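Remarks on the structure that follows.
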Amino acid sequence: PSSIESELYQWWTERALFSPDSHAPGSGQPYVIMMPPPNVTAVLHMGHGLNNTVQDVLIRFERMRGRRALWLPGTDHAGIATQNVVERELAEEGLTRFDLGRDAFVERVWAHVRETGAAILEQLKAIGSSADWSRTYFTLDEGLSRAVRETFVRLYEEGLVYRGHYIINWCPRCLTALSNEEVEKEEVDGHLWHLRYPLGDGSGQVTVATTRPETMLGDTAVAVHPDDERYRGLIGREIRLPLVDRLIPIVADEAVDPAFGSGAVKVTPAHDPADFDIGRRHSLPSIDVMTPEARISLATPDRFQGLDRYEARRQVVAEFQAAGLLDRVETHRHAVGHCYRCNTVIEPRLSDQWFVRMEPLARPALEAYRDGTLRFVPERRGDDYSSWLEGIRDWCISRQLWWGHRIPVWYCDATGCGKISVSRHDLNACPGCGGPVRQDEDVLDTWFSSWLVPFSSLGWPERTPDLATYYPGHTMVSAPEILFFWVARMIMSGLHFMGRVPYTDIYLHGTVRDTQHRKMSKSLGNGIDPLEVVDKYGADALRYSLISGMSVGTDVILDPNDLEGSFAAGRNFANKLWNAGRFILSNLPGPARPLAGSHPRVIRRDELTLADRWMIARCDATVVEATEAYQRFRLNEAAAAIYRFIWSDLADWYIEQAKPRLYGDQPGGDVARAVVTQTFDVALRLLHPVMPFITEALWRRFPGRSAADSISVARWPRPDARAHDPAAVRDFGVVQELVGAIRAIRAEYGIPPGQAVRAAVTAESPATVAAVEQERGTITRLAKLSQLTLGESRERVGGHAALSDGTAVFVPLGEAIDVGRECGRLGSEVDRLARLVQSQEQKLGNEQFVSRAPSEVVERERQKLTTWKEQREVLTRKRELLGCV
RNA sequence: GGGCGAAUAGCUCAGCUGGUUCAGAGCGCCUGCCUUACACGCAGGAUGUCGGGGGUUCGAAUCCCUCUUCGCCCACCA
C-alpha cells in the first residue's frame, strides 16, 4: 500500500478531482458535507479516522453518482484547548501568559499554530480523505471572524445577546467560564455533611445538609419550605452562622424539598445556582468567598484565607466537629461537574458574562425536526435533539481567555456617559460622547464560531457564489458527543441567519472503543494510531475494517493490543483484490487491443455460458444491493455485499471456472475476458468509496484507460434489466452445491487432492440436468473428477450426498471406502431427514397453520416436505444397496 | 432520579417488515493442500439452551412484559 497510496493521493490532488469546480458547471446537483473541523493542534486518532472515513465514503459515492460533491474542510482554533497547549509550553520555560502579556501571548499562539500547521489535515489526507482542500478555512480567518462579529452584533440588536450577572460554570484551572455543555457530569461517591446551625438567640438549632461545607463561609440565609410544619415557627428568625459569626435569616422558599435531609437548606447565593435564585427571591446578599483559582478569599475569617477549597472543606468540617456542631456525615453519591478540557472540578461562580437567549432560536430548530425536515440516523437520536432543545438554557458565550474572537463590545469610561457599544468594526472612541473606550477583555466561546461554519465557510456575510451554490448542504456526519455543542447549534444559526437548515440528514455514528468498551483516549493509553495502521496495512485496510465493523448507531470496538486481529480483514481483502486484479490483467490482451468489441453488452446472449450469465446477474444484484445500502447509510452492508461479490462470486467461482477459457487462446476466451473485465470494473467502482487507493490503482491499469482517467470521477454503475437472470442464479447455484458436495465427500474419505474420482448425478429437474451438462467441464475440474455421468450408478460402494433441490450425488469409491463409515454417515443423514419430515408433517397437519398462514408460505412448506421425503427415500435405498444393517 | 441502547460461535458483530440467507460473516481454532493470481491463500470442518423467566401467535433470535448484566445521555434534592 505505501508504494501506491501517497503517489495516487498526489495525483488526485494535482488533478483537483476533489473540487466540485473541476466538474463541468451545472453538471449535477450539489452535494455538500461540512467536515467537523478538527482542533488546529489535534493529532489524528481513531475517532477522526472513523468520522472522516464515513464522510469520505459518502462524498465519493455521491461524486461518482454525478453530484457536484463538496466536502468542505477546516480547522478550529479551539480556544481553551489551544491556549492550554501553549500555556504548558510556557510553563516549561517557567513562564505564565501573564508574564508575556496579552498581545505577546496571542502572537505566541499564532506562531505555534503556524508552526505545527494543522498537521492533522495532512494526516486526514493519509487516510484518503477527498476533501476540497482549496477551500480549507480556519475559524480565526478574517472572513470567519467577520461572520462572528456580524452574528454577535445582529443577535445583540435583536435582543438575543445580553450581558448578565449570574452563576456560571467556572473552571478554576482554565480560569474561565464554561457553557453548560462544556461541563461533564461525573457520578462520584462523596459525602453529605449535616451541620448544626444555632439560632441567633441561642434557643435551639437547625440542621442543614451540604456536599460542599466550605461554601458555608458565604451563607446568607437558611431556607425551609413554607408548608413544613417543623420549621413554621422559625421562619423570619435568625441563625448565628458558626465560624464567621454572622446573623442570617431563615426564609421560606418553595424550592426547598422538605423530604431531603433535614428539610432545611443553607443558602449560598454566590456559589450555587439554586441558592442564587433563592437569594434573588428574598433579596439576600451574595458573598463571594472564593478567588478565581478556587481558594478562599478575603471576605472570610483570616484563618481560612488562601486555603484551597478542599483544604477549607476539611478545616470547616473539623471546626464544626470541634464545636460539637457536626451532626453526622453520610456517604452520598452525586454528580459533580468537571471541565471538559482539563477535568478539573467545576466551581459555580457568580460573575458578569455574555449570554445568548436560546429559546427563540430553538423554536424553529425544533419545528424543523417535528415537520420532518431533519432526519436523524439512527432515528432515536432525534429524541436527544428535541429534548435538549425543549429544555434549552441560555448559552454563556464569554470566555476569560486570550485566544479567540474578542468580544466586539466597547465600554466608555467617561463619567456621565458609560455607554456600551456593540460594533461590527473596532472602535477608538465612544460613539456617544467621543471619549476613550476600552474593548471587553473576553473572547467568545469557540463554538460561537463553529456554529456558523455551514455558511461562514462559504463567505457569509458576503453574498458569494459559493454561498449561493453550496448552502444549504445535505449530510452532517458526526459523533453523538457533539450533537449539542455543534450540530444542533448549526441548525439554529442556519435557520436564524440563512432561513434554512444547513443540512437535512444527520448521521451520528458510534464511538471507537477498546475491548473493555472504554473510549480510546491518550490518558488511558488504549488508543490506536491510525497512521500506524496505514503504515502497516494501508489506508484501504484501515478504512475497510472501520466501515465493515460499524453498523448504524453502534460503537466500533477495536483491540489496541491486537492490531493484526483488528485490521486483518481489511488487509486480507485488499490483498485478495490486488491479486485478483493482477490475474485478470495478466490474462487480458495488451492495451493495444481495447476490449470495446467484446463488451458483454454487444456479445450475443447465446455466446454466454451458464457461469457467465450467473456472474452478470450476480454483479447486477450487487450493484442494487450496494447502492441501496450506501444510500441508507448502511455502509457496512454495502462493504459486505461487495466483499461477498468479489471474494466468493468473482474470485472463488467465476475466475476459477473461467480459467481454462482465460489461459492462452482458448475458445470462448474473449467472452470470459469480457465478462470478467466488465464485472471486475463494476466491482472496483462499487468498492471505490471504501477502498479508494487500491481500486484506483487497479482500475487505471485496465486497457482502454487514458492517462487522465480516474475512478474517483467514473460513473456509478447502474442496474441493468438485461442482467436479470433468476434461472442462471438458480442453476449455477446447483452447480456450486454439486461441486461442494463432491469436495465434501472427498475430504470425508481422505481422497488425496491429486486423485481424480468419478461421480454420478441423479437429477429429476430438467433444468438441473441441463445445468450439469453445460457446466460439465467446470464441475469436472473443480471437483477433480475423472468422469461425470448423469443417471444412477450400478455401483454400490461410495459416498452419497443430496442437494437441496433433491438431486442425488454418488461418488463410487470402490474398495477405497469404509462401508461401515458410509453406512453410519447415511444413517445419521436419514435420521436428520426423518426428523425434518416429521416436524414438517406436524406443521402441515396443523389446521391452524394451513388455514391462517399465507398460501404461498404453506405451499413453500409443502415443497420442502416433498424434497426431504424424496431425499430420505434415495438415501434409504442407498443404505439397502450397501447392505447396511 | 428520568430517558435510551446493547446482550447471538472463543473474539468483534450481521440478522431491517415474525415464515427461503434462519441460526450467519470476519477473525481465531481443527484437518488436508506451496493446485503458477493470492499461504494476507485454497478446500473441508467443529463450535450456539440467540442473557434468564413469562406472554402474544398456527409459527418468535425477531413482537410484548419482567428480571439480570453492561454502556450511554439528560437532571440545580442541597
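The values are calculated or read from the model by the stated rules, or taken from the named source; none is laboratory data. Because the structure is a prediction, the values reported are computed rather than measured. Positions of Cβ are generated from backbone atoms using ideal geometry, with glycine treated the same way; all protein chains shown enter the neighbour counts. In case anyone asks, the SASA skips ligands and DNA or RNA and just uses the protein heavy atoms, side chains included. Shrake-Rupley method; radii C 1.70, N 1.55, O 1.52, S 1.80 Å.
So the values come out like this:
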read-out	value
Order by protection proxy (mean Cβ within 10 Å, highest first), peptides A:180-187, A:758-765	A:758-765, A:180-187
Heavy-atom surface of chain A, accessible at 1.4 Å and reported per residue (Å²)	43 Å²
Region A:305-452 shape via C-alpha gyration tensor axes, a/c threshold 1.5	oblate
Rounded accessible area of A:Val734 (nearest 10 Å², 1.4 Å probe)	10 Å²
Spatially near lysine pairs across chain A, Cα under 16 Å, sequence gap of 8 or more or different chains	4
Heavy-atom accessible area order for A:Arg794, A:Arg102, A:Arg743, largest first, 1.4 Å probe	A:Arg794, A:Arg743, A:Arg102
Kirkwood Rh in Å, taken over region A:414-558 so that all alpha-carbon pairs contribute	19.5 Å
Heavy-atom accessible surface of region A:238-306: percent carbon and sulfur, 1.4 Å	54 percent
Alpha-carbon Rg with Dmax, taken over region A:589-739, Å	15.2, 46
Per-peptide average of other Cβ atoms within 10 Å, ordering A:64-71, A:259-266 highest first	A:64-71, A:259-266
Dimensionless Rg/Rh of region A:194-294 - Kirkwood Rh, Rg from C-alpha atoms	0.93
Accessible area, probe 1.4 Å, largest first, for residues A:Cys171, A:Cys884	A:Cys884, A:Cys171
Fully extended contour minus Cα-Cα distance, from A:His191 to A:Gln631, at 0.36 nm per residue	153.2 nm
Helical mean residue ellipticity (222 nm; -39500 (n - 2.57) per DSSP H run of 4+; nearest 500) of chain A	-13000 deg cm²/dmol
Theoretical FRET efficiency, 1/(1+(r/R0)^6), r = Cβ-Cβ of A:Glu847 and A:Lys576, R0 45 Å, to 0.05	0.30
Relative contact order of region A:438-489, pairs being alpha-carbon contacts under 8 Å that are 6 or more residues apart, as %	36 percent
P(r), alpha carbons of region A:407-470 - 10 Å bins starting at zero, rounded %	21, 32, 25, 19, 4, 0
Exposure of A:Glu254 as accessible area (Å², to 10), given a probe of 1.4 Å and all protein chains	130 Å²
Region A:703-818: relative contact order in percent, alpha carbon pairs under 8 Å with at least 6 residues between	29 percent
Overall form of region A:101-156 per C-alpha gyration tensor (a/c, 1.5; a/b vs b/c)	oblate
Alpha-carbon centroids, region A:275-296 and region A:658-673: separation in whole Å	87 Å
For region A:10-123, the Rg and Dmax computed from alpha carbons only, in angstrom	18.7, 59
Whole-number Å³ per residue for the convex hull built on Cα positions in chain A	252 Å³
A:Trp653, A:Trp578, ranked by accessible area, largest first (probe 1.4 Å)	A:Trp578, A:Trp653
Relative contact order, percent, chain A [alpha-carbon distance under 8 Å, six or more residues apart]	12 percent
Distance-filtered residues of region A:561-582 - backbone nitrogen under 11 Å, label point 7 angstrom along A:Trp647 Cα→Cβ	A:568-577
